[in-house]
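Please read the structure below before turning to the comments.
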Amino acid sequence: MEVDAAHLGRVEGGKRPPTEKIAARCDAVFPERRGWFSEFYAESQHWPEVPASFRSWPEYEDKSASLRDWSPSIVTGLLQTQDYAGTLLATLPRAGNETVAARLASRMQRQQRVLMRDDPPSAWFIVDELSLYRQVGTTEAMGAQLRHVLEVAAMPSVTVQVLPAIAHPVNASGFLMADDAAWVEHTVSGFVYTEKEIVSALARRFDTLRGECYRVSESAALIERLAEAWERGANRLTLTPTAGTA
């Protein structure tokens, strides 16, 4: 392919995005695919609804009987309100209004598809305590977001626990687990893993986090208290009114 092997390995491993040049070289080496790589690359540049690396995840998520979800620093996508999600998506570099709107709609549809289906998966969410203090949008939006977490937590198939602000082995990234696959996210993108060894290792990491969490009832009480604080217009981290409510 006349492409640096180390760079190609990073692309294959999901650590670097593919380029038009790499797609063209793949077409040259595999002529029997009749230009498939270039066509796929060109199509991927017009996927505003979902990041390209996430597009294969629904095939695992939609058929899974169980889900395990850990998200550092922010409330995870499956638990986000529309206001909270929209504010986060608007912070993406070079994300235009069309892309933000498309991804927001896709995120809300995913929640309905996964959590509200006729046979919802048994879902276990570990919420980072720090995400309950980080202001995303207005204080009213934060209050509504925490109330929404409590509403989802009350569903029969859902368990929500809060991980306190302590040292733990999964600071670097969030991950989401289905029955036989895992989605691991980092700053630039993410990657779907189906290798049994990796999925098992992540399951052990999740259990380690779960062992450090507040109990379910304690988690709900904490979220309730913080929701009330946000609804009063105060940033719970500083106990002072925010600029928008002072």
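The values are calculated or read from the model by the stated rules, or taken from the named source; none is laboratory data. Remember, predicted model here, so these are calculated numbers, not experimental data. Note that we place each Cβ from the backbone using ideal geometry, even for glycine, and neighbour counts take in every protein chain shown. Remember, those area values only see protein heavy atoms, side chains included, never the ligands or the DNA or RNA. Shrake-Rupley method; radii C 1.70, N 1.55, O 1.52, S 1.80 Å.
For the reader, a short list of remarks on this structure follows.
- Ranked from largest to smallest solvent-accessible area, with a 1.4 Å probe on the protein heavy atoms, S122, S73 come out as S122, S73.
- Only the Cβ atoms of Lys and Arg (+1) and of Asp and Glu (-1) were treated as charged; on that basis the dipole of the stretch 178-229 about its Cα centre amounts to roughly 120 debye.
- Spin-label model, E151/I166: points 7 Å from Cα along the beta carbon direction are separated by 3.2 nm.
- Size of charge dipole - the stretch 31-180 - debye, nearest 20, with Cβ of Lys, Arg +1 and Asp, Glu -1, no other charges: 240 debye
- Each Lys or Arg adds one and each Asp or Glu subtracts one; over the other residues with Cβ under 9 Å from the Cβ of S64, this totals -3.
- Accessible area (Å², 1.4 Å probe, nearest 10) - S106: 30 Å²
- Helical mean residue ellipticity (222 nm; -39500 (n - 2.57) per DSSP H run of 4+; nearest 500) of the chain: -13000 deg cm²/dmol
- Folded to 0 to 90 degrees: helix 20-29 orientation relative to the chain principal axis, Cα: 40 degrees
- 5 angstrom amide H check on W124, placed H, neighbours 5+ away: L67, R68, D69, T159
- Within the accessible area of the stretch 190-231 (1.4 Å probe), percent carbon and sulfur: 49 percent
- Over the C-alpha trace of the chain, radius of gyration and Dmax come out as 20.0, 66 angstrom.
- Under the simplified labelling scheme, the E98-V216 pair shows an inter-label distance of 4.6 nm, with each label point 7 Å from Cα along Cα→Cβ.
- Unit charges at the beta carbon, dipole of the stretch 46-146: most positive-side option, N97, S131, T76: N97
- Dipole orientation for the stretch 138-225: of the candidates I223, V184, N171, I223 has the Cα lying most toward the positive pole (charges on Cβ; Lys, Arg +1; Asp, Glu -1).
- Calculated FRET efficiency for the pair E140/R10, C-beta based, R₀ 41 Å, to 0.05: 0.40
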